[in-house]
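The values are calculated or read from the model by the stated rules, or taken from the named source; none is laboratory data. Everything quoted here is computed from the prediction, not taken from an experiment. All Cβ positions, even for glycine, are placed from backbone atoms using ideal geometry, and neighbour counts span all protein chains on display. Accessible surface is based on the protein model in full, side chains and every heavy atom, while ligands, DNA and RNA are left aside. Shrake-Rupley method; radii C 1.70, N 1.55, O 1.52, S 1.80 Å.
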Amino acid sequence: IKRQCRSTFRAETQGMGYGTEVGAHLRAVLTQLDGKFTYKNWEEKSAQQYRHVWFTDCQSLHDYLKNPVPQGCEDKRLEIDLEALRDSLWFDADGNPKDDWIEDQHDKPRWIDTSAMICDSLTKAGNEQFADRLVETMTTGRFTLEASPESQMKKLRQQKARQVKYLSNKELTDMDEDDAV
């Protein structure tokens, strides 16, 4: 079943594609600074030296990449980008498919809460919370993956609203069934 790809999914995929390319380059530079760089199989050798965690706040992208079976996409250009990302996760250096995730995998996608994305302050105006997190990270050199208290409360309110909506819909359905009898 092909999924319809939304613009947010597309933007997150393209951003992750760019980030993984820059990460591969950065790994190579760091490996060269360590004096361990080799031109033969440089990507694999650099990946053995430095792991790369791909952070995303897009749950659907994270799930798509972690799924061992490609799901496809209506947008053919986007599907090419998605499969390029998946290839680096689901195939080893020799091009052989992997059966499952391994603990010492060099590249891994990881979902984090939107409030933990420090780069969002560069693209989303008007939210002081994002800017404060970026400044804190740049000042201390520590990056926290925990959701902010505001974000946690917002999620709890959304869960409660969904539960109330579900219960009211269930109640209406039950009343309709009673009328039909």
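List of remarks:
- Here Ile112 fulfils each of the conditions (1) β-branched (Val, Ile, Thr); (2) farther than 21 Å from Met16 by Cα; (3) in contact (Cβ under 8 Å) with a residue 24 or more places away in the chain apart from (2).
- In the range 145-154, the residues that are surrounded by 14 or more Cβ atoms within 10 Å (Cβ to Cβ) and touching a residue at least 24 places away in the same chain (Cβ under 8 Å): Ala147, Ser148, Ser151
- Subset of the range 8-23 that is farther than 21 Å from Asn67 by Cβ and of a type outside the set (Phe, Trp, Tyr) - its residue that is most open to solvent (accessible area, probe 1.4 Å): Glu21
Residue-wise test of (1) of a type in the set (S, T, N, Q); (2) part of a loop (DSSP other than H, G, I, E, B); (3) under 22 Å from the mean Cα position of the chain (by Cα); (4) surrounded by fewer than 15 Cβ atoms within 10 Å (Cβ to Cβ).
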position	(1), (2), (3), (4)
His25	no, no, yes, yes
Ala28	no, no, no, no
Gly35	no, yes, no, yes
Trp54	no, no, yes, no
Leu89	no, no, yes, no
Gly95	no, yes, no, yes
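- Applying the condition of being under 17 Å from Trp54 (Cα atoms) and touching a residue at least 40 places away in the same chain (Cβ under 8 Å) to the range 67-87 and asking which residue is most open to solvent (accessible area, probe 1.4 Å) yields Ala84.
- Annotation: of all residues in the range 104-142 being assigned to a loop (DSSP other than H, G, I, E, B) and open to solvent by 80 Å² or more (accessible area, probe 1.4 Å), the one that is nearest to Tyr50 (Cα to Cα) is Asp104.
- Qualifying residue in the range 75-83 (condition: closer than 30 Å to Lys45 by Cα, part of a helix (DSSP H, G or I) and touching a strand residue (DSSP E or B) at 6+ places or on another chain (Cβ under 7 Å)): yes
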